[in-house]
Structures are given as structure tokens and as C-alpha cells.
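Asker: What follows is a structure written as C-alpha cells; I'll ask about it next.
The values are calculated or read from the model by the stated rules, or taken from the named source; none is laboratory data. All values derive from a computational prediction rather than experimental measurement. No Cβ is skipped: glycine too gets one built from the backbone with ideal geometry, and neighbour counts run over all protein chains shown.
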Amino acid sequence: MWRYRSIVALLPPLAYLLLAVVFTWPLAAHGTTALGSGLDPMLQTWVLAWNTHAITTNPLTVWHAPIFFPYPDTLAYSDHHLLLSLVALPLIIAGGPVLAYNLLTLTSYALTGWAVYLLAREMFANAPNKWIRATGAFAAGAVFAFGTYRMTHFVHLQLLQTAWLPLALLFLRRLLRTPDGNGGRWRDAALFGLFAGIQCVTALYYASFTALALGLYVAIWLPEALRSPARADLWRRIGGLALGGGVAALIIIPLTLPYVRVYEYLGVVRSLRELDNWSAPLQAYLAVPPTNWLYGSRGGWFTASGGEFALFPGFTTIGLATVGATGAVWRRRGDRSAAPDGIPPERDVIFLVLLAIIAFVLSLGTGIRLERGSDPLPIPLPYPLLYERIPGFGALRVPARWAMLTHLALALLAGIALVRLGRWFVLVQQRRWVAPAALLVIGSGALLEHAAIPVPLATPPSPPPIYAWLGTQPDIHAILELPVGSTPRGAELERITFRQLYQMQHWKPLATGYSGIIPFGTTDLLRRVQRLPDDDTLRYLALAGIDTLVIHRNEYDAEQLARLLAWADATPLLRRRAEIGDALVYTISPEAEMPSPVMTGASVFVSADERVPGVLALGLIRRWKAGGANLYGAGRTRYYPELQPLHAGQVCDYGLLAADEDPVVVGFSADGLRWRSNGLALYARDPHLIAALDLAQPVVGQFHPAYPSTLTVMLEERRIRIANIVIPLDAPLTEAHIELDIASLSEQTLVIGDTIYAIASGAVTIAAPVTLNQPTQINGPAEATVIQRIRVLSAPRAPAPPPEGTLALSADSRFDGSQLTVIAHIGGAGALVIDVHGAAARDDRPIHLLEGVLPVPPNGDPLVFSVDLLSPNEPWVIHRGKAEDGRYVAYVKSSTRTGAAGVPVATFFIRNGAISDPRPAPLPLRIVGE
């Protein structure tokens, strides 16, 4: 008997596997040579291969996939496939990543069908007989596993991993059963958590989908559970939920933290306008893949407007789901019978109906559109609110993918309808085989609507011999392949992806790549490479850490190639290394990189100034950290994460700054310059500089910090006291001097101890001796003067004057509709610039909205000016950009310091062509133009 039951139990997964071969034909016939068409299958095959390489060589490097050099954690730029790689590890090693990818694709269909089958059997426990139950459950699994949603995503391995949510629901359902239905078992709790965790880490999207589905099921169960008098049973099941949540967290947290880190420092947020383009129109729910047997050739509304927008659930499935959903509503209360497991079937129906509706609404994204690209109907949807309020929700680029839950719910509701139809067949027809046969015919009709055979395949070409040769060269560290375009899209992206796939033969880091994210530093580098042939660009690449150029001669036209090779063979910064087939290999000379005095144990401050070429700083950070240096700095969004925070008063051994950044601001001086190249400058610390401190103090509720006009300093042999800050010293102090950076709105006097110093209007630096072990009081006129920074030195020096054109400035702002008014109090001579920059909502493209120049009034009078942000026509405005929807910041800065970063005085959004969320940013007195 047990052997018979085992054979019967194996029939559904084997049947689903057979269907998988049929519905994905001819994939099974080309399993070792072909992949699904497009770039994504190549990317996912590469991910499987990289995971295997890292796991079998150095598992600690697995997140640092060798693309987008020098960025770290690049595996987290897309779904990691780590669990799939572990499962398929022997197959990848023995048969190769292409075979493994294709078998994982095939088995995803069989596993999904089987998982839904098991869940459906559990839900259909009150079926009139086991054959009707099995037939309805099998049809539900088949309709979902081979439905249009999953066939549309045939090329997305991560989105095909939908088996784990049905299994999590299955064991959650068992966990929440009443005790007389064997509910509350710890085994079910652990398995619920295990499958929920696995589903969450297979794809970032599915983490949100899983949270919605499981949370909704618990929410539907909870009210009735709270009314139960058996409190011990309630707490047992709540304990089971906690256990399951803990098991899921153990899986989710370590595999999610790299994504949190990457999304934070890269500043990845999908704008609402970008989501518009990926929100499902209503027409998508009629669209099918082009190869659909029944509707693919009909055109019109059955034609998808893009690869993500074929979401047809099937007319038969919708009809059956409607029957399944309404059947429970119209049954008389007296007919309601509990299922053998103690859970009323109506609860499952309510759950599935709500899940289908909620997911359908979420799939519509930011608005209800009849067709893609059309204007939304004036009906508000919840997606924009969820985007604003729920952390991480804005990272989901394609709202249309929420349709997965709708399709799952509809398939299960259709299965419920089939079971109820089977009950009716049993009543009217006594032959046992009639009901299952009739249900099989109906289920087959529902499945036939989704048939889209054959699936499109593509065979990647064999890699050129250069890639095998690169694998034999251990001294090559990072590669740039030429030619390469400035924008990784279209044909250029395809070329990059092929090179990435060929990388499986050598695993050397590449400067380019294809993934779900392409970082800003990579696009910066690609734009810069377009200057070749150019020696300074070689220095740029060397600073980033790239040491090898591979020139594919067959991809150039003759004239361009001749010019490039003539330069490459002539410049002393390149050395021809090898000629392999159509490829030439050049090594970038170490002379191209600026000499780096940074050594093991040295401290290095890395500026976060927007003028810093981020990818170059990142390359140097990576190299210096590997060399044992200690890195400090706030980090720069989109390029590198926060480094170690500086201690109060700390001055580092070296400072990596923007080339035109004032070194004095961060505790260095022009005399300490070691090298300058490609927008970067490296400074060494003045040996006499003991401490440097910015005196900024945060103001509650304000955007900007404030600075003091008075200060108490106490210098002792082993420590320094500045206001309430204590700075310990490594060496005893025998002599002390201070330098003060001051902002003054007019000619003033400053008292340091017993000495009076005259200060001019604007930005001023004053040097003064200080007596050890005695408090020194520094006093300036309140509201007209502030002390912005203080430096402590062991020997006197001539302080560097502030850069010419720096101003002392305080400002207030206000909005009146689209009119921005600024009231500025200014010390110094010159002119003030108002500069408004932003980023487009649709694609985060930089926008220069407007720029204007206003002369500083004489006699210290305030400067008051207004500008219409949407249609500036003021005579002092020198640049007018197009007002597009997006986020914006209004800056002020000195006109003679155009390279200096501005200071925000207001922020606002433009939404639907109108000013939204205007926020003044009052600016306390400070130095501007550094």
C-alpha cells in the first residue's frame, strides 16, 4: 500500500515536469547551448557562474561580483540567486551554468505547480471525493504555473521562483488550525518560516508580495481567533507565528543587508514618474505573449505594450474564479460546514478574493490607465501613498509585477469552482469517472488559453580567444574593453552583456557590466573614456584602479582604429602586452597614476564634496584600504558609503579633496599639496597642526547648523578644551597658537583674551597666540559675526587668507505660490548667485532650472529679490531651464566662486507642473563660497 501511495504522490510533480517541458519547448532540446532570448538570461547565467566560482574559491568575496569596478557589493545590484546556486552547485560544476540555468527554469515550473497543488489540496479538504479534490488542485497548480504571468517572465529566473509562497501559505494555514484540526504545531511554524524566508530572498519584489499575502491571511484569521475562549490555544499559535517569523528573519537578514547598504549609499529610489512607465494598464490584463496559440495573432488589445505587460489571466480562469468567489457568498448560512481541518472554507475564499483585488490595484501602480502611456483616470490609487510612507517600497520599479498575486489567487479560486462543479457532477451523474473527466476537460480549456509555444531562444556565440588568455594572466587586476559607448543602452548594452558573459573564462574585474542597477560612477567613467585617445584619460583610469585595456580591433572602423593604435603605441603611458586573435592588450603604465604617499596605518580624510570625481575617490579608497590605511569621511551618495567618522578635532595624515576645494576648510593647507589630477587633489597634514574643529551646532527644526559668536578655549599640556568639547593629545603641548575662520557682515572688532582684533566685512581668518593652562575668551558682536572654525597649532604660521570672493551670508526665504523670495544679509564684495538645480521625476536626470546673478548692495543693506520658479522673467536671470516634474533645491553662492558648492536656501517639488511641498531653509550666518 505504501508503495502505491508513493507512486500516486509522485504523479503530480512528474505531470507538472512533463507540462514544463511542453510549455517551454524547445528549451529541453537545447538545454546546454541556448538561453531565453534577451539580456536577462545571460545576466542570470553569469550570476550562477559567479556564485559558484566565489563559493568554491573564496566565499567571502561572493557579494563583490567583478563588474562595475571599483564598486563593492555589486552582486546586490540584482537578485543574488545564492540559494539556487547552492542547490545547483554540483550541476554547475559538472555541466556548466547554461545547463544549470535551463534546468532551474524547467524545475521552477514543476515546483510551482506542485506547491500550488499541495496548497489547493489543503484548501479543498471538504471535496466530495479524493479524485475531484486532486483534479481541482492539479488544475489550480497548472493554471498558475503555466499562466500568462509566468510565461511572460520566462526569461526572469528570479521571478519564476514562485513555489515558496504557496508552501508558506500551506504551513501557515496548518499552523493556524484549531487544536482539534492538529493546529499550532511547532513543525508547521518552522516550515512556514523556512518557506517564507526562502521566498523573500529569491527576489526583492517577492519579499513585499510575501509580506502582503501572509500578513493578509493572518489578519483574516485573527478576529475569529481573538473571539475564541481557548486563550492557551491562541497563544500557542501566536507563539508559532513568532517562531516562524524568527526562522524567516534568520534567512532574510543576512541576505538582505547588502541590499540595504547598497541602496543607501547609491541613493536608489524610483521616482513616481518612473513608476508611471511600469504601471500596468488595464489593457495589459488582455495582453498575451506573441506566440500565444489562441490570441497571439489577433493583435489589438491582445498585443502587449512591453515585455512586462502581458498579464492575461484567461477568460476561463476568470469565469471559474468568479464562480468560486460567489459560490460561498450565495450559499445559505445553514449550509456552511466546517472543513475537516476546522477552518471554514469561506475564510479561504475571502482571503483569495481580497488578495486578488489588492494585488490587482497595486499592479495598476500610480494611476488607472486604459493603455500604457495614456493619461490616468481621475481616480486616486494607494500606490503613491505607499511609496511615500513605507520604507523600501520606492525600490520596486515595476508595479505590474504585483499581478503575480492576482494570478495565484485567481488560479486557486478557479480550483475551488472546479471542486464545486465536481460536487454537482457527482449529484447528477453517478459514474465515478464522469466528474474528474469533466473537470479535467474544463481545466485543460483554462490551461490552453495560456499556451505560448514555442518560447523564443537564443544561442550565445562562442567567446573569442582573448577571454581564455586573460584567465592565464594573474597580474591583470581590472580591465576596460574598447570600444565602449557612453550610454549602456540598446546595442551597446548588449555588447557589454556579452563581454560580461565571456568573463566566466577569466573572472577579472570589469569596469562595465549589466545588472538591475548601473551606478553613476560607471556612467561617469564611460563618458570620460569617449575622450580617448588622450593621456589624461589614462591617468583617470589609473586612478580608478584600471590597469589593462583590451582593444577589439574587429569592432572599430579602419580610420578610428588606426588613430587609436597610433596613439596607444606612441604614448609612454601604455605598453602593448599581447595580440590574441582580433584583440590587442595594453597595460597602463604605473607612471600614469599619481604617486601615493599613503601607507599602512596612515589616516586619510576623503571629502564628500560634490566636486569630487566619485569613481576615482572610490578607486583610491579601495586601494588604500587594502593597503592598510584608515579611511575617514562622510561618504558620497551614489559613489561610496560612509567611512569612519572623524573624532572631534581630528586632523588626518592626508586629505583627498576636490581639486578646487579649499583645503583650509578641512584642516589642510595649500603648502601640503602632494598631487593634483583629474579633479582630485591629495594634501599632507601640516606637522604643526594639532587639531581642527568645525563649530557648527545643529538647530532643532532647521536645515542648517548655526555658529557661535563667542567661544572659550583652554589649552593644556595633554588636552584641549573648546567650549564643551575635550580633545585629548598624543604628545605634550609646549606652545600653542590658534587660527579662526570668521564670517562678518560688516567691519567689526573681535576680542581674543585681552587683545582686540579688527576684522573686515566678509570672510576673515585671524591668527593669535594662546597662553597654556589659562582660559581664553573669544568675543564677537552677536548676529553680525560668527566663528565658523578653529585650528590649534604648535607653532605660528601665516594663515592662508580665505579664497577671493568668499562672502559672509545669512538668508531667509519664503514661497508665495510659484514665487520664491529671498532676503539675504551679506558681508564682503562681489555678487550673489541664485542657482536652482533638481532631478527629473521620471529618470533622475539632472535639471538646471534657473540661475541668476545679483550685485551685493553697498553699506550692508539687505538684498531682497523674488523669482517665479516656473516662468522666470526677471532681468537678472541668466539661465532659464524647462520646469519638469521632479525635486529641486535653490542654492546661493558667490559669483566669483563658481566652482564652489552652493548653500541651500529652499527646497521644493514640481508635480503636475505646479510647485509642491515648498520648504524654506533659513540660513544662519556663515561663510559662503569656499
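Asker: Could we say that E388 is more than 25 Å from V323 (Cβ to Cβ), acidic (D, E) and either modelled with pLDDT under 80 or surrounded by 13 or more Cβ atoms within 10 Å (Cβ to Cβ) (or both) here?
Answerer: Numbers: more than 25 Å from V323 (Cβ to Cβ): yes; acidic (D, E): yes; either modelled with pLDDT under 80 or surrounded by 13 or more Cβ atoms within 10 Å (Cβ to Cβ) (or both): yes.
Spelling it out, E388 is indeed more than 25 Å from V323 (Cβ to Cβ), acidic (D, E) and either modelled with pLDDT under 80 or surrounded by 13 or more Cβ atoms within 10 Å (Cβ to Cβ) (or both).
Asker: Every residue in region 505-536 that is over 29 Å from the mean Cα position of the chain (by Cα) and surrounded by fewer than 19 Cβ atoms within 10 Å (Cβ to Cβ), please. Before you say what the answer is, go through the steps one by one.
Answerer: Narrowing region 505-536 to residues over 29 Å from the mean Cα position of the chain (by Cα): 531-536.
Scanning region 505-536 gives R531, P533, D534, D535, D536.
Asker: Scan region 686-700 for residues that are assigned to a strand (DSSP E or B) and touching a residue at least 24 places away in the same chain (Cβ under 8 Å) and jot them down.
Answerer: Start the filter on region 686-700 by keeping residues that are assigned to a strand (DSSP E or B), which leaves 689-694, 697.
The answer is L689, I690, A691, A692, L693, D694.
Asker: Next question. If you go through region 704-715 one residue at a time, how many are part of a loop (DSSP other than H, G, I, E, B) and surrounded by fewer than 16 Cβ atoms within 10 Å (Cβ to Cβ)?
Answerer: Of the residues in region 704-715, the ones part of a loop (DSSP other than H, G, I, E, B) are 704-705, 707-709.
If we keep only those that are surrounded by fewer than 16 Cβ atoms within 10 Å (Cβ to Cβ) as well, we get 705.
Number satisfying all stated conditions: 1.
Asker: Here is a follow-up. For S374, which of the numbered conditions (1) outside any loop (DSSP other than H, G, I, E, B); (2) at pLDDT 80 or above fails to hold?
Answerer: (1)
Asker: Moving on to the next point. Scan region 279-286 and give yes if some residue there is under 30 Å from the mean Cα position of the chain (by Cα) and surrounded by fewer than 20 Cβ atoms within 10 Å (Cβ to Cβ), otherwise no.
Answerer: Step one: of region 279-286, the residues under 30 Å from the mean Cα position of the chain (by Cα) are 279-285.
Then keep just the ones that are surrounded by fewer than 20 Cβ atoms within 10 Å (Cβ to Cβ); that gives 282.
Within region 279-286, one or more residues are under 30 Å from the mean Cα position of the chain (by Cα) and surrounded by fewer than 20 Cβ atoms within 10 Å (Cβ to Cβ).
Asker: While we're on this one: Which residue, of L103, L82, is modelled with pLDDT of 90 or more, touching a helix residue (DSSP H, G or I) at 6+ places or on another chain (Cβ under 7 Å) and under 21 Å from V22 (Cβ atoms)?
Answerer: L103
Asker: Tell me, yes or no, whether region 750-762 has at least one residue that is without any contact (Cβ under 8 Å) to a residue 24 or more places away in the chain and hydroxyl-bearing (S, T, Y). Steps first, please.
Answerer: If we filter region 750-762 for residues that are without any contact (Cβ under 8 Å) to a residue 24 or more places away in the chain, which is where we start, we get 754-758, 760.
Then drop every residue that is not hydroxyl-bearing (S, T, Y), which leaves 755, 757.
The answer is yes, given that some residue of region 750-762 is without any contact (Cβ under 8 Å) to a residue 24 or more places away in the chain and hydroxyl-bearing (S, T, Y).
For every residue, the table says whether it meets (1) modelled with pLDDT of 90 or more; (2) β-branched (V, I, T); (3) in contact with a Pro (Cβ under 9 Å, 6 or more places away or on another chain).
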residue	(1), (2), (3)
E783	no, no, no
R789	yes, no, no
A798	no, no, no
P803	no, no, no
A808	yes, no, no
S813	yes, no, yes
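Asker: Have a look at L43, L82, L75 and point out the one that is hydrophobic (A, V, I, L, M, F, W, C) and under 30 Å from H450 (Cα atoms). Steps first, answer last, please.
Answerer: Details: L82 fails: under 30 Å from H450 (Cα atoms); L75 fails: under 30 Å from H450 (Cα atoms).
After applying the criteria, what remains is L43.
Asker: Name the one entry in D671, D662 that is without any contact (Cβ under 8 Å) to a residue 24 or more places away in the chain and among the acidic types (D, E). Outline the logic, then answer.
Answerer: Values: D662 fails: without any contact (Cβ under 8 Å) to a residue 24 or more places away in the chain.
On inspection, the qualifying residue turns out to be D671.
Asker: Here is a further query. Give the residues of region 474-485 that are surrounded by 15 or more Cβ atoms within 10 Å (Cβ to Cβ) and touching a strand residue (DSSP E or B) at 6+ places or on another chain (Cβ under 8 Å), sorted by residue number.
Answerer: Just the residues of region 474-485 that are surrounded by 15 or more Cβ atoms within 10 Å (Cβ to Cβ), to begin with: 476, 478-485.
Answer for region 474-485, where residues must be surrounded by 15 or more Cβ atoms within 10 Å (Cβ to Cβ) and touching a strand residue (DSSP E or B) at 6+ places or on another chain (Cβ under 8 Å): I476, A478, I479, L480, E481, L482, P483.
Asker: Within region 201-212, is there a residue that is among the aromatic types (F, W, Y) and modelled with pLDDT under 90? Step through it out loud before you land on a result.
Answerer: At the first step, the residues of region 201-212 found to be among the aromatic types (F, W, Y) are 205-206, 209.
Narrowing further to those that are modelled with pLDDT under 90: none.
So far as region 201-212 goes, no, none of its residues is among the aromatic types (F, W, Y) and modelled with pLDDT under 90.
Asker: Determine whether region 320-333 contains at least one residue that is surrounded by fewer than 18 Cβ atoms within 10 Å (Cβ to Cβ) and at pLDDT 90 or above. Lay out the reasoning, then the answer.
Answerer: Start the filter on region 320-333 by keeping residues that are surrounded by fewer than 18 Cβ atoms within 10 Å (Cβ to Cβ), which leaves 322-323, 326, 329-333.
Going one step further and asking which of them are at pLDDT 90 or above, we end up with 322.
Scanning region 320-333, I find at least one residue that is surrounded by fewer than 18 Cβ atoms within 10 Å (Cβ to Cβ) and at pLDDT 90 or above, so the answer is yes.
Asker: While we're on this one: For V615, are the conditions met, namely being under 22 Å from R674 (Cα atoms), in a loop (DSSP other than H, G, I, E, B) and of a type in the set (A, V, I, L, M)? If you could, list the steps in order and put the result at the bottom.
Answerer: Details: under 22 Å from R674 (Cα atoms): yes; in a loop (DSSP other than H, G, I, E, B): no; of a type in the set (A, V, I, L, M): yes.
No: the conditions fail for V615.
Asker: How many residues does region 909-925 hold that are under 28 Å from the mean Cα position of the chain (by Cα), among the small types (G, A, S) and part of a strand (DSSP E or B)?
Answerer: Qualifying residue count, region 909-925: 1.
Asker: For region 75-105, give me the residue count where each residue is of a type in the set (D, E, K, R) and touching a Phe, Trp or Tyr at 6+ places or on another chain (Cβ under 8 Å).
Answerer: So the first thing to find is which residues in region 75-105 are of a type in the set (D, E, K, R), and the list is 79.
Subset that is touching a Phe, Trp or Tyr at 6+ places or on another chain (Cβ under 8 Å): none.
Residues meeting the conditions: 0.
Asker: Of the residues T734, T776, which is part of a strand (DSSP E or B), hydroxyl-bearing (S, T, Y) and over 30 Å from V867 (Cα atoms)?
Answerer: None of the other options fit; the residue is T776.
Asker: Just give me the residues in region 674-685 being outside any strand (DSSP E or B) and either without any contact (Cβ under 8 Å) to a residue 60 or more places away in the chain or of a type in the set (K, R) (or both), in sequence order.
Answerer: Step one: filter region 674-685 for residues outside any strand (DSSP E or B), giving 678-679, 685.
The answer is R685, and nothing else.
Asker: Against the definition (under 22 Å from P663 (Cα atoms) and assigned to a strand (DSSP E or B)), how does A758 come out, yes or no?
Answerer: Working: under 22 Å from P663 (Cα atoms): no; assigned to a strand (DSSP E or B): yes.
No.
Asker: Follow-up. Assuming I551 fulfils every condition listed in (1) in contact (Cβ under 8 Å) with a residue 60 or more places away in the chain; (2) touching a Phe, Trp or Tyr at 6+ places or on another chain (Cβ under 9 Å); (3) within 30 Å of Y265 (Cα to Cα) apart from one, which condition is it?
Answerer: (3)
Asker: Restricting the search to region 287-319, which residues are buried (at least 19 other Cβ atoms within 10 Å of the Cβ) and assigned to a strand (DSSP E or B)?
Answerer: Scanning region 287-319 gives V288, N292.
Asker: Can you spot a residue in region 552-569 that is touching a Ser or Thr at 6+ places or on another chain (Cβ under 9 Å) and crowded, with 18+ Cβ neighbours inside 10 Å?
Answerer: Start the filter on region 552-569 by keeping residues that are touching a Ser or Thr at 6+ places or on another chain (Cβ under 9 Å), which leaves none.
Within region 552-569, none of the residues are touching a Ser or Thr at 6+ places or on another chain (Cβ under 9 Å) and crowded, with 18+ Cβ neighbours inside 10 Å.
Asker: While we're here: What tally of residues in region 334-371 results from selecting those that are crowded, with 19+ Cβ neighbours inside 10 Å and at pLDDT 50 or above?
Answerer: 17
Residue-wise test of (1) at pLDDT below 95; (2) buried (at least 21 other Cβ atoms within 10 Å of the Cβ).
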residue	(1), (2)
L418	yes, yes
A437	yes, no
H450	yes, yes
P465	no, no
T472	no, no
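Asker: Follow-up question, since we're still on this one. Does region 636-644 contain any residue that is surrounded by fewer than 20 Cβ atoms within 10 Å (Cβ to Cβ) and either in the same structural domain as D730 (by TED's automatic domain parsing) or over 26 Å from H64 (Cβ atoms) (or both)? Full working, then the answer.
Answerer: Filtering region 636-644 down to residues surrounded by fewer than 20 Cβ atoms within 10 Å (Cβ to Cβ) leaves 637-638, 641-644.
Now narrow it down to the ones that are either in the same structural domain as D730 (by TED's automatic domain parsing) or over 26 Å from H64 (Cβ atoms) (or both): none.
For region 636-644, residues surrounded by fewer than 20 Cβ atoms within 10 Å (Cβ to Cβ) and either in the same structural domain as D730 (by TED's automatic domain parsing) or over 26 Å from H64 (Cβ atoms) (or both): absent.
Asker: Hey, among L673, L695, L682, L657, which residue is within 20 Å of P802 (Cα to Cα), surrounded by fewer than 17 Cβ atoms within 10 Å (Cβ to Cβ) and of a type in the set (A, V, I, L, M)?
Answerer: On the way: L695 fails: surrounded by fewer than 17 Cβ atoms within 10 Å (Cβ to Cβ); L682 fails: surrounded by fewer than 17 Cβ atoms within 10 Å (Cβ to Cβ); L657 fails: surrounded by fewer than 17 Cβ atoms within 10 Å (Cβ to Cβ).
When all the criteria are applied, what remains is L673.
Asker: So, one more: Select the helices (runs of 4 or more DSSP H) contained entirely in region 495-607, then report the ones holding at least 1 residues which are of a type outside the set (A, V, I, L, M), within 30 Å of Y101 (Cα to Cα) and assigned by TED's automatic domain parsing to the domain that holds T57.
Answerer: none
Asker: Moving on to the next point. Pairs only if they're at least six apart or on different chains, beta carbon under 9 angstrom, first in region 242-271 and without any contact (Cβ under 8 Å) to a residue 40 or more places away in the chain, second of a type outside the set (D, E, K, R) and not in a helix (DSSP H, G or I); list them, first residue then second.
Answerer: Listed by first residue and then by second, the contacts come to V260/G392.
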